[in-house]
Amino acid sequence: MIAGVDEAGRGPLAGPVSVAAVILNPRRKIDGLDDSKKLSHARREALYPLILERALAWRIEFVEVEEIDRVNIFQATMLGMCRAVVALAPQADLVRVDGNHLPKGLPCRGEALVGGDALEPSIMAASILAKVARDRAMCSLHERFPHYGFDQHKGYPTAAHLAALSQHGPCPHHRRSFTPVRVAMENLPLF
């Protein structure tokens, strides 16, 4: 039983990092899996419910901004990966993580695969779940904080996001440990 693990949202200035772990069912094939970055929004959205329905096990973990700021984005991602794998039922025999680092505390053997989201179907599925879940979370944040444009850039440091950050300052969901957010906080008028 191989669990694929991937994340979405390490680079944005706002919102959680999303991590997913997936054990695919070899008897319930899912056509069209690929690295989520290579798929259109519509294709990711179409694959998302198929993965949830056909996988033997899946888990999506969000690591929130407070934890990201406390431990740093890399450690937060590793913690999320470990939590997602531990929460799988049934448990995996082997974990394959996209990237070159394995989280500590995995309950089984693990392998880091650079470019794994283009090689391992279970990592592709995890990539899609993580991306769709995070995108949806950012669209939900947009409803509460529309002047940042989270529905468009998903928290990434685009010119429009940086301009909104400069004009409005950070909201509670901005990562204060990230330099552009810190700079925006320092440049806000006191009165």
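The values are calculated or read from the model by the stated rules, or taken from the named source; none is laboratory data. All figures in this text were calculated on a predicted structure; none of them were measured in a lab. FYI the Cβ positions are ideal-geometry reconstructions off the backbone, even for glycines, and counts take in every protein chain you see. Each accessible area value is taken on the protein alone, full model and side chains, heavy atoms only, with ligands, DNA and RNA left out. Shrake-Rupley method; radii C 1.70, N 1.55, O 1.52, S 1.80 Å.
Counting only Cβ charges, +1 for Lys and Arg and -1 for Asp and Glu, the dipole size of segment 125-191 around its Cα centre is about 220 debye. Converting phi to 3J(HN,Hα) with the Karplus coefficients 6.51, -1.76 and 1.60 and the offset θ = phi - 60°, segment 166-174 yields 5, 6, 9, x, x, 8, x, 9, 7 Hz in sequence order, with x at every glycine or proline. Against the main long axis of the alpha-carbon atoms of the chain, helix 121-144 sits at an angle near 30°. Under the classification rounded if a/c is under 1.5, otherwise prolate if a/b is larger than b/c and oblate if not, where does segment 44-91 fall, given a ≥ b ≥ c as square roots of the Cα gyration tensor eigenvalues? Oblate, because a/c is 1.5 or more while a/b does not exceed b/c. As a fraction of the 1.4 Å probe accessible area of the chain, surface on carbon and sulfur atoms comes out at 55 percent. The HN-Hα couplings worked out from phi for segment 13-29 by the Karplus form 6.51 cos²θ - 1.76 cosθ + 1.60 (θ = phi - 60°) are 8, 9, x, x, 8, 10, 10, 10, 10, 9, 10, 6, 9, x, 8, 10, 4 Hz, whole numbers, x standing for Gly and Pro.
What segment 53-178 shows is 46 Å² of accessible area per residue, with the surface traced by a 1.4 Å probe over protein heavy atoms. Considering only C139, V181, F150, and ranking their Cα positions along the charge dipole of segment 100-190 that arises from unit charges at the beta-carbon of Lys, Arg, Asp and Glu, the one farthest toward the positive end is V181. Our note on the geometry: Cα centres of segment 1-34 and segment 139-187, 26 Å apart.
Ordered from largest to smallest accessible area (heavy atoms of protein chains, 1.4 Å probe), the residues L39, L102 come out as L102, L39.
Oblate is the label for segment 15-99. Its Cα gyration tensor axes, ordered a ≥ b ≥ c, give a/c of at least 1.5 and b/c at or above a/b. In order along segment 181-187, phi translates into HN-Hα couplings of 6, 4, 4, 4, 5, 5, 8 Hz, rounded to whole numbers, per the Karplus curve 6.51 cos²θ - 1.76 cosθ + 1.60 with θ = phi - 60° and x for Gly and Pro. When you count the other C-beta atoms within 10 angstrom of each residue and take the mean per peptide, 175-187, 57-69 line up highest first as 57-69, 175-187.
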